[in-house]
1. Is it true that residue B:84 is closer than 23 Å to residue B:208 by Cβ and surrounded by 22 or more Cβ atoms within 10 Å (Cβ to Cβ)?
2. Keeping to the stretch A:18-46, report how many residues are in contact with a helix residue (DSSP H, G or I) (Cβ under 6 Å, 6 or more places away or on another chain) and of a type in the set (Gly, Ala, Ser).
3. Given the criterion touching a residue at least 24 places away in the same chain (Cβ under 8 Å) and either over 46 Å from the mean Cα position of the chain (by Cα) or within 14 Å of chain B (Cβ to nearest Cβ) (or both), identify the matching residue among A:312, A:352, A:335, A:362.
4. Which of the residues spanning the stretch B:6-21 are surrounded by fewer than 17 Cβ atoms within 10 Å (Cβ to Cβ) and among the charged types (D, E, K, R)?
5. Residue A:62 versus (1) surrounded by fewer than 21 Cβ atoms within 10 Å (Cβ to Cβ); (2) modelled with pLDDT of 85 or more; (3) over 22 Å from the mean Cα position of the chain (by Cα): which is the lone unmet condition?
6. Please go through the stretch B:30-70 and give me each residue that is within 27 Å of residue B:19 (Cβ to Cβ) and free of Cβ contacts under 8 Å to residues at least 40 places away in the same chain, ordered by number.
7. Among the residues of the stretch B:112-131, write down those that are surrounded by fewer than 16 Cβ atoms within 10 Å (Cβ to Cβ) and away from every other protein chain (no Cβ under 14 Å).
8. Against the conditions (1) touching a residue at least 12 places away in the same chain (Cβ under 8 Å); (2) in a helix (DSSP H, G or I), where does residue A:52 fall short? Just the number, please.
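The values are calculated or read from the model by the stated rules, or taken from the named source; none is laboratory data. Nothing here was measured: the structure is a model prediction, and the numbers come from that model. Because the Cβ atoms are built from the backbone with ideal geometry, glycine has one as well, and the counts that use them run over all protein chains shown.
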Amino acid sequence: MFWLNLAWKSAWSRKYSLGLVAVSVCLSVIVLLAVQQIRTDAKRSFSNALSGVDLVVGPRGSPTDLLLYSVFQLGTPTQNMPYADLQRIKEMPAVAWTIPIQLGDSLDGFPVMGTSVDFFKHYRSSGQALTFQSGEAFQDPQIQPTALMQVVMGSEVAKSKKAKLKDNFALTHGYQAIEETIHSDHPFQLVGILKPTGTPLDRSVLISLEAFESLHVGWGLGLRPSAFDAKPDPQKDLPGLAELTPSELTAVWVGLHSRATVFSARKAIESLKPSASSLPLMAVLPGVALDELWQIVRVVENALIVMGALVAVCSLLGVVSVLLVGLSARRKELAIYRSLGAGPYAIFMAIAWESFLVCSLAIAAGVLGTQLLIVTCQEFLLQNFGIQTHNGWPELEACYSIGLLLVGALLASMLPAWRAYRISLSDGLHPPN
Amino acid sequence: MTIAALELRNIEFAWPNQAKSLFVIPELSLQQGQTLFIGGPSGSGKSSLLSLIAGIQLPRHGSCQVLGISLSQLSASERDRFRGEHLGLIFQQFNLLPFLTVEENIELPSKLFASRFQKSTQIFGSVQKHIDMLCNALHLRPSLRGRQARLLSVGEQQRVAAARALLGCPALIVADEPTSALDEDNKLDFLNLLLSTASAQNTSVVTVSHDMRIASKFDHVFQMPPMETKDVLA
């Protein structure tokens, strides 16, 4: 304890040079831990978003693409699946429920998702059913025709639009908001705002499939029909409900009665006979597709982690070299310890403690710094990548890294300690001037 | 019968890897409580002799007994411990740890060795009281005691070093040119304070110096034997 205290005071007297190298250790720790934490959080939020879904069904193609665009709204679908297939899947005995998904429109950059009332019944995020901050789900337009004008917003959307219930909104066709693509002829009324889920749903706008379809009646060229009219007529009657059954869907999420039947259900869905104009279907196990996605990303994240580790090693070496250089100026100090009865071993320990203290403090600062960085970037990560980050104690993986860093710091501390040991043996009481 | 503070016989000292010896001392001894001045020009091996007495180095031949203990029979770590428990060392300058306060510097021996702590406590009631007494005797103002050691003048630093060396009542003070960094007036003042405070504790003092003018203050004077050759200086 005595030597620890002395080592601390000695280090504090050289706080500027040691502080600088400690900052470099701290920064490298931040790089390392931030990459790790974002990776863990990304994986968690991706799998949370699909926690209740057993199969994601879409037109045959790349499973990861289907998952990315239909669940995470990253990228755009190239093919749709026929709406008739939804009915055929629903009728399979193994299938408990289905959620149809139709994408393509947006509200100020937030994706609009056409779906059915089943979405609110069956969707689970992190195992939790959906709940509302205010309002309620839109109604089934087949029962209540005014539901064609109803819209539900995710928590992020509502926050960013400062939306209140009963506010009116015009959606945009596609993702480019220009005058001719705004569905201004079909304003929606906000009926519900969801509680935050930490999934891409927070950034989504939900309307019924029928409403999605009614938006596009007469939109031949991807432009508003009234864009060609001399006089737009907002009082135009709504089309009849029978016309509004969609012909195509982006994807269907499927829940099964029993997870054990997932492979036979997949086989059944994939062997449905395709109609003449469409591709055969594909059913994807979200977990498997996510694993494939992580395989692709792994190269990049490993590269980042290796780089972070290398930077950490370099900055630990920086601490060591500063301490080594400093030792030649501290030969007098070492001679004083010797004169007071300290053996070379005690001096070894004092110097080792000092380096270890500096490194551990820097590592601790790095752990805190990582949390600060994550808090600062929370909004950005959620908005741009749909990653819900979390704060708190380091995860198991981060603990391993911190442990390894501490071991590295301990090993690095041995170098100046060993040098001090040699100096104290050779100098004795008479350091060179 | 009292134990001799110092008893050197037929000492021959040489640096490792050097064939020729640096000096040979047939006999040198000092009774407990007395003071000894060791004089000689630079390079005559005075500092090496101090290293022998402090147990940092061992002689090539001969017996070196300090406080009745033959140092060559102790292991390196036992000699370190012996030095810490029974000796007080004072250098020419840079005696203090600059990042500690004056008081923290003085109490270092009592923190490092329980025996030094106990002696101060037995004789003076507590370490704190011993420090009070030493500071008083060595003319260290109370206002200095909380100050960082690096802010002190050289004279003050030497007196703090003397207080530290005397804390815990070691049997022997070993001082290496303790007055060389001081100006003429301070030299004698410091020496008088050191010697009187040491004799009040019955502590022996061995001082090496090239400055023969202070030799008269000591009970005994020993002159280093002349160098045999010049090349051993290298």
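1. Values: closer than 23 Å to residue B:208 by Cβ: yes; surrounded by 22 or more Cβ atoms within 10 Å (Cβ to Cβ): yes.
Here the answer is yes, as residue B:84 does meet what is asked.
2. Result for the stretch A:18-46: 4.
3. Details: A:312 fails: either over 46 Å from the mean Cα position of the chain (by Cα) or within 14 Å of chain B (Cβ to nearest Cβ) (or both); A:352 fails: either over 46 Å from the mean Cα position of the chain (by Cα) or within 14 Å of chain B (Cβ to nearest Cβ) (or both); A:362 fails: either over 46 Å from the mean Cα position of the chain (by Cα) or within 14 Å of chain B (Cβ to nearest Cβ) (or both).
From the options A:312, A:352, A:335, A:362, the qualifying one is A:335.
4. Passing the criteria: B:9, B:12, B:20.
5. (3)
6. Residues satisfying the conditions are B:48, B:51, B:55, B:56, B:58, B:70.
7. Within the stretch B:112-131, B:118, B:122, B:123, B:125, B:126, B:128, B:129 meet the criteria.
8. Result: residue A:52 passes all but (2).
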